Structures are given as C-alpha cells and as structure tokens.
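**Student:** Sharing a structure with you now.
The values are calculated or read from the model by the stated rules, or taken from the named source; none is laboratory data. In this text, all values refer to a predicted model and were calculated from it rather than measured experimentally. Every residue, glycine as well, gets a Cβ built from its backbone with ideal geometry; the counts of neighbours run over all protein chains shown. Only protein heavy atoms, including side chains, enter the accessible area calculation; ligands, DNA and RNA are left aside. Shrake-Rupley method; radii C 1.70, N 1.55, O 1.52, S 1.80 Å.
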Amino acid sequence: MKNKIVLISIILITSISSAQTKTDSIVSLSLDKIAQVNQGESYVTFPFDIGNLEPLLFEANVSPNFKIRERKDSRLMAVLTSQIIIRMFDEYSYPVKTPSYIPQIAFYFLTGHKESANKLTLFGKIAHHSNGQNGNFYTENGDVNLQSGNFATNYIEIGFLKSSYSNQLNAFKFIKSSIEIHPKKWMLEELQGQYSGLRWHNTFLAYKLPMKSSLIKNKEQRANFSIKAETTLMLDNINNWDTFNIDRLNTSLIVYYHPKFLEDWIY
C-alpha cells in the first residue's frame, strides 16, 4: 500500500540450487538459466533498506522453482513457484507478521537459434498475491488496516527477456520489459483505485550466474558483484494521481555480493 519505495539491499548468497552446473561456453546459456534469473532466487537481506518501508531486521524470500518441460533442450517450459516472503520487524518483541504468499505459474518460449549468444525469450505468468489475513480492510476510523486487513489479488504478466554476455562486466546481462495486469474481477473491491492494477516493469540485470565459462578461467576474472535495477510505472487510475505524478514510479536497486572464499563451494 506504499506509494513509492526505494530499496537498496546487500544480499549475501550462500547457496544456489544449480551450483553444480558446468558449461564450456557462453552460448550454453539455456532456457533453464534464463527462467531462473527471471523467477528470482531465495535470499535473506541485511537491514540496509532505504525508503518508506517499515524498519526491518531482515527480509527472507523463499522461492523454490519446479520446472515442467518435455526435455532438457525444449524451447517451451513452464515453471511453478510457491513464493513466500517473510519479514521480521524492528519493533517491540521483533514480530514476524503474516508472510506474503505469491504462488504462480510462468511459461517461457525461447525464440531464434538455440546456440546464439544473444537470446530473446518470451514469457507469460499467472499469479496470486495475498497476505493470509481475514480482517476488515479498513479500521473503525476509516484508515487502511495494515495490521490484519485482508489483501488479495490475482494477475497476469506478459513480457520478454533479452540476454547477452558482457566481456567488460564478466557477467551475463539481461534486459526485461513486461506488463502486469490485475483484472478488477480478480482483486478485492476495496483495492480498486488504491492498488495499481496496470503496471509496466523494466529491469536491467548484470548477473554472475552459478556456472563456469571458457571466458572466465580464473577467480580474478569472475565478477564479484551482480547488480539488479528495476523500475515499475503504475499506468491506471490510482489515488486520483495525475498522469505524470512521480509517485507512480517505483524503483529498486539490489546489489548481490559473491564472496570469493565461498566459490569452491558454490562452483
């Protein structure tokens, strides 16, 4: 229910599900890895959040992905994700409030030549987002109930992912653009006009994938950091904002640190 959020987090990655994956060239960037990047990974953040979020001790994203495909090199793949976000608040007794539940199914289609270094992937997603609460949406004085109020919506997202390799960054680059749509019949009536049901997402990601490459032969060449920059523009009628109101724009910057002393374990 926040209007504008600017989030900067330092994330220490200690385990990656595909840590044992090995490859001999950048062209082996598969649909499996492309989908993994878009779906996101599980993480725990340190308390370095900046913006108008409540003060947190940590945020944990538990996001296991289950892939459905005919064979390993298929152009078409579905991914089931039972995403849960848990937050511990920096308040009295350090409460962990009801998690956010975002179960979803996504479909990916790899276009063009499979062995091309530059790849274009189309994707679509159907998801549910709720907070597991059943209280009234408003409090007795008419304010939004942020403690126990019911929040629930369903949405679809369609877009594309452009992927390539950067010699300068020693990392894979991804550019994503998508439209997220929450049909009015799919969301709580109280949310309409207060929670954006039409959003335009754009993402740039320079990412050190959990894989070895012939172009990255030693630890000194490997990237120490991955960077993810995201923007979301709310396009529909919300809070009676003007078309060019800056509050329509949400931004985030996430920096991933890959410690060298863990590379023998991760790789």
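**Student:** Quick one: check the C-alpha center-to-center distance for the stretch 73-125 versus the stretch 225-242, whole angstrom.
**Tutor:** 18 Å
**Student:** Enumerate the amide H contacts of F137 below 5 Å, restricted to partners 5 or more residues apart or on another chain; note that Pro and chain-start residues carry no placed amide H.
**Tutor:** N150
**Student:** Which one of P103, F151, M77 is farthest out on the positive end of the charge dipole of the stretch 70-156, using unit charges on Cβ (Lys, Arg +1; Asp, Glu -1) and the Cα centre as origin?
**Tutor:** M77
**Student:** At 1.4 Å probe size, with no ligands or nucleic acids counted, give the accessible surface of I246 in Å², nearest ten.
**Tutor:** Solvent-accessible area, nearest 10 Å²: 100 Å².
**Student:** ³J(HN,Hα) across the stretch 141-150 via Karplus (A = 6.51, B = -1.76, C = 1.60, θ = phi - 60°), whole Hz, x for Gly/Pro?
**Tutor:** 8, x, 7, 5, 7, 7, 8, 9, x, 5
**Student:** Would you list V62, V144 from the most to the least accessible area, probe 1.4 Å?
**Tutor:** The residues order as V62, V144, largest area first.
**Student:** Counting Lys +1, Arg +1, Asp -1, Glu -1, what net charge surrounds F137 among other residues with beta carbon under 14 Å of its beta carbon?
**Tutor:** Counting the neighbours of F137, the net charge comes to -4.
**Student:** Let me ask something else. What figure in square angstrom, to the nearest 10, would you give for the accessible area of D32 with a 1.4 Å probe?
**Tutor:** For D32, the solvent-accessible surface is approximately 30 Å².
**Student:** Of the listed pairs K72/K119; K97/K162; K72/K176; K67/K114; K72/K125; K67/K176, which have alpha-carbon separations greater than 28 Å here?
**Tutor:** Check vs 28 Å cut-off fails for K97/K162.
**Student:** Given the whole protein assembly as supplied and a 1.4 Å probe, what does the accessible area of Y94 come to in Å², nearest 10?
**Tutor:** Its heavy atoms expose roughly 130 Å² to the probe.
**Student:** In the stretch 57-213, with Lys and Arg counted as +1 and Asp and Glu as -1 at Cβ, which of these residues, Y138, A171, W200, has the Cα nearest the positive end of the dipole, that is, farthest along it?
**Tutor:** A171
**Student:** So for the pair I158, D247, with labels modelled 7 Å out along Cα→Cβ, what separation do we get in nm?
**Tutor:** Reported label-point gap for I158 and D247 is 3.1 nm.
**Student:** Moving to a separate point now. How many nm is it between the label spots at E70 and T111, if each spot is 7 Å from the Cα in line with the beta carbon?
**Tutor:** About 2.0 nm, to one decimal.
**Student:** Looking at the square roots a ≥ b ≥ c of the eigenvalues of the Cα gyration tensor of the stretch 52-177, which shape do they give, rounded for a/c under 1.5, prolate if a/b is larger than b/c, or oblate?
**Tutor:** prolate
**Student:** For the stretch 113-170, build the convex hull from the C-alpha positions and give me its volume per residue in Å³.
**Tutor:** 162 Å³
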